[in-house]
Structures are given as structure tokens and as C-alpha cells.
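Q: Got a structure for you, questions after.
The values are calculated or read from the model by the stated rules, or taken from the named source; none is laboratory data. Keep in mind it's a predicted model, so treat the numbers as computed, not measured. Note: ideal-geometry Cβ built from the backbone for every residue, glycine included; neighbour counts use all protein chains shown. Protein only, heavy atoms only, side chains kept; ligands, DNA and RNA dropped before computing areas. Shrake-Rupley method; radii C 1.70, N 1.55, O 1.52, S 1.80 Å.
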Amino acid sequence: MMGLNELACALGFAMIFECLLPMIAPARWRRMLKSLSGLPDPVISKAAAAGVACGLALVWLFQSGMISF
């Protein structure tokens, strides 16, 4: 079972990865957001759902021991 330390670490890594592009290339990040704003809501929702499903699958695989490094 995952403890609060692991959860805090995972949230910290998520913050790092989410903030890398705006830090390194803010103009490119802004253009990407503008292009995403033109997409229909169902497309964005499906892409987000796919990302959540992939993330959950990875966490499950690593936590179950099916994948390890």
C-alpha cells in the first residue's frame, strides 16, 4: 500500500513535469494552449481520460510488482 510519503513524492514529480515546458519555452507553451483551446470539449475529455487510464495502469503495474527496475 502506498503511504503519504510516496504520494507526496509522486505529486512533486507531477509538478516538476507539468512546469518544465512553461519554464523552458514559455512562448511555445502559450501557443500550445491557444491551439488546445480550439479543440472541441469531447476531444479534450477523451485525451485526458486516456492519460488518466495510462497513468493508473502504470501505477498499478509498478505497485503490483508486474514491472520493476
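Q: Would you check which residues across the range 1-25 are among the hydrophobic types (A, V, I, L, M, F, W, C) and at pLDDT 90 or above and list them? Working first, answer last.
A: From the range 1-25, those among the hydrophobic types (A, V, I, L, M, F, W, C) are 1-2, 4, 7-11, 13-17, 19-21, 23-25; that's our starting set.
Scanning the range 1-25 gives F13, A14, M15, I16, F17, C19, L20, L21, M23, I24, A25.
Q: When you look at L39, is it assigned to a loop (DSSP other than H, G, I, E, B) and hydrophobic (A, V, I, L, M, F, W, C), yes or no? Write out each step before concluding.
A: Numbers: assigned to a loop (DSSP other than H, G, I, E, B): yes; hydrophobic (A, V, I, L, M, F, W, C): yes.
It is true that L39 is assigned to a loop (DSSP other than H, G, I, E, B) and hydrophobic (A, V, I, L, M, F, W, C).
Q: Looking at the range 14-37, I want the residues that are more than 27 Å from V59 (Cα to Cα) and have a partner that is open to solvent by 80 Å² or more (accessible area, probe 1.4 Å) and not in a helix (DSSP H, G or I) with Cβ atoms under 6 Å, at least 6 apart or on another chain. Which pairs are those?
A: Listed pairs, sorted by first residue: none to list.
Q: Restricting to the range 1-29, name every residue that is aliphatic (A, V, I, L, M) and open to solvent by 80 Å² or more (accessible area, probe 1.4 Å). Before the answer, list the steps.
A: Of all residues in the range 1-29, those aliphatic (A, V, I, L, M) come to 1-2, 4, 7-8, 10-11, 14-16, 20-21, 23-25, 27.
Answer for the range 1-29, where residues must be aliphatic (A, V, I, L, M) and open to solvent by 80 Å² or more (accessible area, probe 1.4 Å): M1, M2, L4, L11, M15, I16, M23, I24.
Q: Tell me which of these L56 doesn't satisfy, since it passes every other one: (1) surrounded by 10 or more Cβ atoms within 10 Å (Cβ to Cβ); (2) in a helix (DSSP H, G or I); (3) more than 16 Å from the chain's Cα centre (by Cα).
A: The single condition L56 does not satisfy is (3).
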